[in-house]
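The values are calculated or read from the model by the stated rules, or taken from the named source; none is laboratory data. All of these numbers come straight from a predicted model, not from anything done at the bench. Backbone-built Cβ (ideal geometry, glycine too); neighbour counts: all protein chains shown. For accessibility, only protein heavy atoms count, side chains too; no ligands or nucleic acids. Shrake-Rupley method; radii C 1.70, N 1.55, O 1.52, S 1.80 Å.
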Amino acid sequence: AVRDLIRARRSAQDDAIGAKQTVRSFLLRHDRRFGGKAAWTKMYWRWLSEQRFDFPHQQLAFEEMQKRVLEAQARVGRLEAALTEAVDAWCFAPLVRNLQVLRGIRLVSAATLVAEVGDLTRFDNPKQLMAYVGLVPSEYSSGARKQRGRITR
């Protein structure tokens, strides 16, 4: 169930990204460029609300695109809240909490790792886990010379 929830959240996130791209493409088609530093901030939303188009149908289309972005973001938020609730009642909750101690790993990343890989104790050593998820070091070898590089996928 947690895995399905994580995948639904990812799908909603992809929808939000697509909706944002649609808005930005529409604005570029009409030669509207935001002068600020970053998109999708409060300033950006204020700028979006100030945009007016010559034809009512264009304005309606633009407003519907904005609503699509907001709805997709709300869906992501609802799914994240449900994920937080589901993880608390999950048998792997202690493992998820322990993974969150690592720098850069928050709830969604930790829950995704545990949901997709499962019980980490089934691997005898880290090599087996890395082989299972497809992480291997790059290797440059010629004859007797071997040089291992960074991890690849």
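Descriptive notes on the structure:
- Leading residue by the ranking (nearest to residue 73 (Cα to Cα)) among those in the stretch 26-45 that are open to solvent by less than 40 Å² (accessible area, probe 1.4 Å) and modelled with pLDDT of 95 or more: 44
- Hits in the stretch 46-65 (condition: open to solvent by 60 Å² or more (accessible area, probe 1.4 Å) and part of a helix (DSSP H, G or I)): 46, 49, 50, 56, 57, 60, 63, 64
- Any chance residue 63 is among the acidic types (Asp, Glu) and modelled with pLDDT of 95 or more: yes
- From the list 96, 76, the one residue that fits, being of a type outside the set (D, E, K, R), farther than 30 Å from residue 26 by Cα, open to solvent by less than 40 Å² (accessible area, probe 1.4 Å) and within 18 Å of the chain's Cα centre (by Cα), is 96.
- Of all residue pairs spaced 6 or more apart or on separate chains, those with beta-carbon atoms under 8 Å, a first member in the stretch 137-148 that is surrounded by 10 or more Cβ atoms within 10 Å (Cβ to Cβ) and a second member that is part of a strand (DSSP E or B) and of a type in the set (A, V, I, L, M) are 137/151; 138/151.
- The one condition in (1) of a type in the set (Lys, Arg); (2) more than 24 Å from residue 8 (Cβ to Cβ); (3) surrounded by 10 or more Cβ atoms within 10 Å (Cβ to Cβ) that residue 106 fails to fulfil: (2)
- Odd one out for residue 108, checked against (1) without any contact (Cβ under 8 Å) to a residue 40 or more places away in the chain; (2) within 22 Å of residue 4 (Cα to Cα): (1)
- Verdict on residue 68 being open to solvent by 60 Å² or more (accessible area, probe 1.4 Å), in contact with a helix residue (DSSP H, G or I) (Cβ under 7 Å, 6 or more places away or on another chain) and assigned to a helix (DSSP H, G or I): yes
- Residue match in the stretch 122-136 (condition: surrounded by 15 or more Cβ atoms within 10 Å (Cβ to Cβ), of a type in the set (Gly, Ala, Ser) and in a helix (DSSP H, G or I)): no
- Of all positions in the stretch 111-128, at least one carries a residue that is of a type in the set (D, E, K, R) and under 28 Å from residue 17 (Cα atoms).
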